[in-house]
């Protein structure tokens, strides 16, 4: 898999911490591998919306990658609940169901961005940099992947 | 006869987004070109090739999509995604087929939804029986074989318009 210049937290230079939420183990592993190539760290994983809320409260990740269609509680509702409790939460919806209604609903309820599956690493990388804004810093080439 | 042609052509409009989506998902995921090797109408009951995941759709259009691979192809594909050689018994193989099926269906229904069709996508199921239900009279089943560098991937699409839902929409629009 392609290696990217590491994206770090600008406040302390530490790895960006992610919460990955998807009911598919395959999808979670795939996203985790991509995050590693961005120099990030998986803080926690969840297989449904309810677990995502408790894992967010427990780990306070910098970014949440959230699927939409999941058992127990779907991703859009989970995103809304997380943002209500933590307005600073940065949630990126990652779903194969990318029709306009879904995207608009997710953004209206607090998600910062939407990435359609199959996820292209270069697209996710750009979205993460955009969503982090000034709170993220791209390491120079020499420091990439360190 | 003209009426029959019209009906088949309408159904191809439903099926084409699934072919496009499968082509995109497989070529991106398997890092290589895919080629539609065969396209056949299914007249008999569905026969599983190996590891097969099925996703049912309900709503304005209903039916099911099966993504199916011979066991050795499924192992190669799952190992490619995992980045490591997986044994044939690994549960990630099933998960990989499910996720690929989800991505194909998700991408296809996104295109159809933007055309005004509404669906509910059901969770993927593993097909374990050798033979599935026989295609019903008004459900067109099309089997598409995608040739990939890792072996053939089969997609079987059986969809039909939900006439009651379509009539309800028409009545509301009238």
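FYI, it's all coordinate maths here, none of it is from the lab. Keep in mind that this is a model prediction, so the values were computed, not measured. Neighbour counts run over all protein chains shown; Cβ positions are idealised from the backbone, glycine included.
Suppose we keep just the DSSP beta bridges with both residues in the range A:7-140; what percent of those would be antiparallel, to 5? Mind showing how you got there, number by number?
Working: 4 of 20 bridges.
So the antiparallel bridges in the range A:7-140 amount to around 20 percent.
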Inter-chain Cβ neighbour average for residues B:93-106, partner chain, 10 Å | 5
Specify the residue with the greatest mean-square fluctuation among A:44, A:106, A:85, computed from a Gaussian network of chain A linking alpha-carbon atoms under 10 Å apart.
-> A:85
How far apart, in nm, are the 7 Å Cα→Cβ label points at residue A:54 and residue B:111?
-> 4.1 nm
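From the Cα trace of the protein assembly as shown, what convex hull volume per residue do you get, rounded to a whole Å³? It would help to have the intermediate numbers written out before the result.
Working: hull volume 46.7 nm³, N = 320.
Spelled out: Cα convex hull of the protein assembly as shown, divided by residues, is 146 Å³.
Among A:23, A:67, B:168, B:90, which comes first, then next, by fewest other beta-carbon atoms within 10 Å?
On the way: A:23 21, A:67 28, B:168 12, B:90 16.
Going from least to most buried by this count: B:168, B:90, A:23, A:67.
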Exposure proxy order (Cβ contacts within 10 Å, fewest to most) of A:109, B:64 | A:109, B:64
Report Rg(Cα)/(2.2 N^0.38 Å) for the range A:7-140, keeping two decimals.
-> 0.95
Fraction of antiparallel bridges per DSSP, the protein assembly as shown only, in percent to nearest 5 = 70 percent
Specify the angular offset, from 0 to 90 degrees and rounded to the nearest 10, of the alpha carbon long axis of helix A:25-37 from the longest principal axis of the alpha carbons in chain A.
-> 30 degrees
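Determine the shielding of peptide A:19-28 by partner chains: average, over its residues, the number of Cβ atoms on other chains within 10 angstrom of each Cβ.
On the way: counts 0, 0, 0, 1, 4, 7, 7, 14, 7, 2.
So the per-residue partner count for this stretch is 4.
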